[in-house]
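I have placed the structure first, in the form of structure tokens, so that the comments after it can refer back to it.
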Amino acid sequence: MTGTTITDFAQAGFTIVPMAARPNGYLLELYGFLAPGWTGRLAAGLADHRVSIISGSAEKVNASHWRSRFELKSAPFAKSPEGIDFLALAGTEPDHKAARIELLDFRMEPPPRHEGSVFIEIKGIDRLGFLGDLLDHFSMRCLFPVKMTIDTLGDTAVDRFWLRGVGGSLPSEAITDSVKQSLAQLLVEKR
């Protein structure tokens, strides 16, 4: 299934196909102009549909164009995600409360090492909605991904984010310090 929308910047669209070797597995690709914060809205919306992001990546190619590829897994009792309008999902604020984020470890590197983006690697206790809640946590601190990679290893999420401020601005030292402190508060003892 595919869907496209014409915008003022670049054509946005998506494709979703079942993965033959993976029961309830799908490959989703989104591309084109996607509004700031789309990754968090998409992840939260997928969780509302009982669909997990198992792995993938997203990258802002230029000021008005993204490309992304995600491996999805739907719950056995959920409807097929092939009927979801992913562009609408990425543009709609979810109507849910965030659950507690439980981190096992995290690592941050300063913007000068990553072309002006703060780099954060997260290892956390995975659950449905983990990614959406984590991206919401960042957005509440005015940080948004320009690139991210997502991996799930058993019950552990291993996610990497390159984050910038509003409009692609360089994150200030005060914001990065605040994020570091807030992430430290989410650490739990290893199980």
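The values are calculated or read from the model by the stated rules, or taken from the named source; none is laboratory data. This one's a predicted model, so the numbers in the text were calculated from it and none came from an experiment. Here Cβ is always computed from backbone atoms with ideal geometry, including for glycine, and neighbour counts include all displayed protein chains. Calculation scope for accessible area: heavy atoms of the full protein, side chains included, ligands and nucleic acids excluded. Shrake-Rupley method; radii C 1.70, N 1.55, O 1.52, S 1.80 Å.
Computed quantities for the displayed model
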{"item": "Solvent-accessible surface ranking, highest first, for PHE130, PHE77 at 1.4 angstrom", "result": "PHE77, PHE130"}
{"item": "Value of [θ]222 nm, deg cm²/dmol, for the chain, DSSP H segments ≥ 4, -39500 (n - 2.57) each, nearest 500", "result": "-5500 deg cm²/dmol"}
{"item": "About the Cα centre, charge dipole magnitude for segment 2-126 (Lys/Arg +1, Asp/Glu -1 at Cβ), debye", "result": "220"}
{"item": "Shape category assigned to segment 28-171 from the gyration tensor of Cα positions, a/c cut at 1.5", "result": "oblate"}
{"item": "Set of lysines near LYS60 by C-alpha distance (under 26 Å), chain-local residues within fewer than 8 positions excluded", "result": "LYS73, LYS123, LYS147, LYS180"}
